[in-house]
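A.B. asks: Okay, handing you the structure first.
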Amino acid sequence: MIMDALRQEHRNIEKLLLVLERELSVFVRGERPDYEVVRAVIAYFEVYPDAYHHPQEDMVFEKLKVRDSAGAANIGDLGAEHRSGAERLRRVAQAVESILMDREVLRQSVDGIIREFIERERRHIAMEERDFFPAAVKALQPQDWAEIAATLTDQKDPLFSETVEKRFDAVRRHILQLEQEAESDRA
């Protein structure tokens, strides 16, 4: 159950990365992206993954280190990866705020900062899906999962739960539009 939730959250994060990527392509063409959407994506990453998703993964990883230290060593320092992601997100937020405050910022620099964030997030998720999650499923015992579950809050995802926070309405609409476009492209 915990792993299913983490995997679903990864799929949700990928949707947000697609939204951010689409807005970045608008920016790179010299047009004005929907900054309300961009800021909401940034806010989501500041709120949910760092406050709820990553701490859950970190708990699973701590249990993995006890059950399979070699497997955990192959994954590396998951906490450091999460902290690096948070730092890249701060750079994205600063770049966007600089644009909105009409500061001199090279379009190429902003593109590089946001593109690096997107690419590194995708690589991180791919590593977790390929290496970390299977190792955890294999090594952790039922009591480990019970202990982790006992520490979890019932915090709902502010964007992908039944009750979407108002500040994420624009992002949710954007995601639904992307999904509809993808569906019509497949048809």
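A.B. asks: Quick one: pull the percent of accessible area on the chain belonging to carbon and sulfur, 1.4 Å probe, ligands and nucleic acids left out.
C.D. replies: The C+S portion of the solvent-accessible surface of the chain is 50 percent.
A.B. asks: Pairs of alpha-carbon atoms within less than 8 angstrom and 6+ residues apart define the contacts here; what relative contact order does the chain have, in percent?
C.D. replies: 35
A.B. asks: In whole Hz and in residue order, list the ³J(HN,Hα) couplings for the range 77-86 that follow from phi through the Karplus curve 6.51 cos²θ - 1.76 cosθ + 1.60, θ = phi - 60°; x for Gly and Pro.
C.D. replies: My calculation for the range 77-86 gives 9, 4, x, 5, 4, 5, 5, 5, x, 5 Hz in order.
A.B. asks: Output wanted: per-residue J couplings in Hz (rounded whole) for the range 133-145, from phi through Karplus 6.51 cos²θ - 1.76 cosθ + 1.60, θ = phi - 60°, x for Gly and Pro.
C.D. replies: 4, x, 5, 5, 4, 6, 8, 6, 9, x, 5, 5, 5
A.B. asks: Would you calculate, for the chain, the mean residue ellipticity at 222 nm contributed by helices, counting each DSSP H stretch of 4 or more residues as -39,500 (n - 2.57) and dividing by all residues, to the nearest 500?
C.D. replies: Using -39500 (n - 2.57) per qualifying helix, the result is -25000 deg cm²/dmol.
A.B. asks: Right, another one. Could you calculate the contour length gain from GLN8 to GLN94, that is, 0.36 nm times the residue separation minus the distance between their Cα atoms, to one decimal place in nm?
C.D. replies: Extra length available between GLN8 and GLN94 comes to 28.1 nm.
A.B. asks: Oh, and also: Could you give the nm distance between label points at SER25 and GLU116, where each point is 7 Å from its Cα heading toward the beta carbon?
C.D. replies: The modelled label-to-label distance comes out at 2.3 nm.
A.B. asks: Let me ask something else. Using a 1.4 Å probe, what is the accessible area per residue for the range 4-46, in Å²?
C.D. replies: It amounts to 45 Å² per residue over the range 4-46.
A.B. asks: Oh, and also: For the range 39-55, in order, what is each residue's ³J(HN,Hα) by Karplus, 6.51 cos²θ - 1.76 cosθ + 1.60 with θ = phi - 60°, in whole Hz (x at glycine and Pro)?
C.D. replies: Couplings: 5, 5, 5, 4, 4, 4, 5, 6, 7, 7, x, 6, 8, 10, 5, 5, x Hz.
A.B. asks: Between ARG123 and ALA150, what FRET efficiency comes out of the Förster formula 1/(1 + (r/R0)^6) with R0 = 25 Å and r the beta carbon distance, rounded to 0.05?
C.D. replies: 0.20
The values are calculated or read from the model by the stated rules, or taken from the named source; none is laboratory data. None of these values were measured; they are calculated from a predicted model. Don't worry about glycine lacking a Cβ; one is built from the backbone with ideal geometry, like all the others, and counts go over all protein chains shown. The protein model used for the area step is the full one, side chains on, heavy atoms only, and it has no ligands, DNA or RNA in it. Shrake-Rupley method; radii C 1.70, N 1.55, O 1.52, S 1.80 Å.
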